[in-house]
Amino acid sequence: MPKGNGITERKIQLPITYLKPVKRNTITHEFDSGSQAEIVSPQESDDNLSEASKLLRQGIKQQQTGELIAALKSLQQSLGLFQAVGDLQKQAQALSFLGLVTYSAGDYKGAISYSEQCLSLLNNTSDLVLQMQALSHLGNSYRHLNDHNKAIEFLQKCLKITQQLQDKRSQVAALNNLGLVYKALSNFTEAIEYQQQSLEIVRELKDNWGEEQVLKNLGNAWYALNNYPKAIAYYEQCVVLARSLKNVRSALQVLKNLGNACYALGDYPKAIKYYEDRLELAREIQDKRSEEQSLGSLGVACEALGDYNKAITYYEQRLLLARNIKDRRSEEEALDRLRVACYALGDYAKAMQYQQGTSPNS
């Protein structure tokens, strides 16, 4: 396999699995409406240049609506035309966007290749915005490839440019993403420091989407330090924002973390409350996997309270669901928990039925 920074081909074919954007905790540097406006020049008369700019605008729109395969194609065509007319600035813009698209798709080696090509074209220019974006894509991609030293190097350079430009929105992203690299290195103190700075700026900007993401990352960092009260404080703020933004996926994830943090503290009633909230949300959007996980967590928390009857009710529901979605591992786990709970209640006949892999109610 060639290394990411050794790829020289312009066209990188994305496998079919890359049709949807990959979800992650990174905050990416998107072009804002202002920089999109700069892409088109009213003086364009050359047919190639006009077509290239049209394809570039089209690629931007496709990227923003998540049509990554179409965006990749439009941007590659745009890049080819800008190369034909020798417009280095527009080539750099197309390459920066190609870096963003391939990063969004989870093709980190492709993102590195495009971003490096972009930076090489910008060596003799003062376009700090494009440099900042390319450095951001490089740093984030290297983090996912576990090359943390390179990730820090590029993100630190990116942060310096955001400060030079006094671009607070981009500072939020750079600080948050540096925090993620330090978390990956298990340097949680440093991670928290960067993300705390990010939180202060994002609140100043009143950017609820960005704040929700940073709060989640701060909660994760404190959770990794086993400081559950602090993790809970950030997660609780995050859930409120996620619900107000109708970001159901994020709410599902954070409610699980909240339940686990409360469970770790021995606050089982509070853990049950969060697991119940997650279960309700999972059923609302028909997310069977989250529903199955929530039922398992609820059973365990009820057992911890000594409420075996209620635990059995949840485990029974989990068993039915696991069979429904044909998840053999979850089915066996549910049967095992049911057997243990029945033994605890002294119901040995029922425990034996679960031991044999049958449900008394089936």
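The values are calculated or read from the model by the stated rules, or taken from the named source; none is laboratory data. None of these values were measured; they are calculated from a predicted model. In this analysis, Cβ positions are derived from the backbone assuming ideal geometry, glycine residues included, and neighbour counts consider all displayed protein chains. SASA here: full protein model, heavy atoms, side chains in, ligands and nucleic acids out. Shrake-Rupley method; radii C 1.70, N 1.55, O 1.52, S 1.80 Å.
Between residue 309 and residue 226, the simple label model (points 7 Å from Cα in the Cβ direction) yields a spacing of 3.7 nm.
Sorting 200, 212 by accessible area puts them as 200, 212; the probe is 1.4 Å, largest comes first, and only protein heavy atoms count. Were the residues from residue 186 through residue 160 laid out at 0.36 nm apart, the gain over their Cα-Cα distance would be 7.0 nm.
If you sort the three axes of the alpha carbon gyration tensor as a ≥ b ≥ c, you get a/c of 1.5 or more for segment 71-179 and a/b no higher than b/c, which makes it oblate.
In the Gaussian network model of the chain, springs joining C-alpha atoms below 10 Å, which of 79, 138, 218 carries the largest mean-square fluctuation? Among 79, 138, 218, the largest GNM mean-square fluctuation belongs to 79.
A 1.4 Å probe over all protein chains sorts 132, 352 by accessible area into 352, 132, starting with the largest. For the listed residue pairs 256/310; 73/256; 168/288; 61/273; 109/216, the alpha carbons are over 30 angstrom apart in 73/256; 168/288; 61/273. Counting only protein heavy atoms and a probe of 1.4 Å, the accessible surface of segment 43-90 is 47% carbon and sulfur.
For the Cα atoms of the chain, what angle does the longest principal axis make with the long axis of helix 288-304, in degrees from 0 to 90, nearest 10? Relative to the chain, helix 288-304 is tipped by roughly 40 degrees. Would you please classify the overall shape of segment 264-362 from the alpha carbon gyration tensor, given that a ≥ b ≥ c denote the square roots of the eigenvalues, rounded means a/c under 1.5, and beyond that prolate means a/b larger than b/c while oblate covers the rest? Oblate, since a/c reaches 1.5 and b/c is not below a/b. Averaging the sequence gap over all C-alpha pairs within less than 8 Å and six or more residues apart, then dividing by the number of residues, gives segment 107-155 a relative contact order of 39 percent. Angle between the Cα long axis of helix 128-144 and the longest principal axis of the chain, 0 to 90 degrees, nearest 10? Approximately 40 degrees, to the nearest 10. In segment 97-210, carbon and sulfur make up what percent of the accessible area (probe 1.4 Å)? Carbon and sulfur atoms account for 45 percent of the accessible area of segment 97-210. Calculated accessible area for the chain comes out at 48 Å² per residue, all protein chains present (probe 1.4 Å; ligands, DNA, RNA ignored). Dividing the mean sequence gap of close Cα pairs (under 8 Å, 6+ apart) by how many residues the chain holds gives a relative contact order of 9 percent. Based on C-alpha pairs under 8 angstrom that are at least 6 apart in sequence, segment 253-317 has a relative contact order of 26 percent. Placing +1 on the Cβ of every Lys and Arg and -1 on the Cβ of every Asp and Glu, with nothing else charged, gives the chain a dipole about its Cα centre of roughly 600 debye.
What does the C-alpha gyration tensor say about the overall shape of segment 156-266? Classify as rounded when a/c is under 1.5, otherwise prolate if a/b is larger than b/c, or oblate. Here segment 156-266 falls in the oblate category. Computed from Cα positions, the angle between helix 108-122 and the longest principal axis of the chain comes to roughly 30 degrees.
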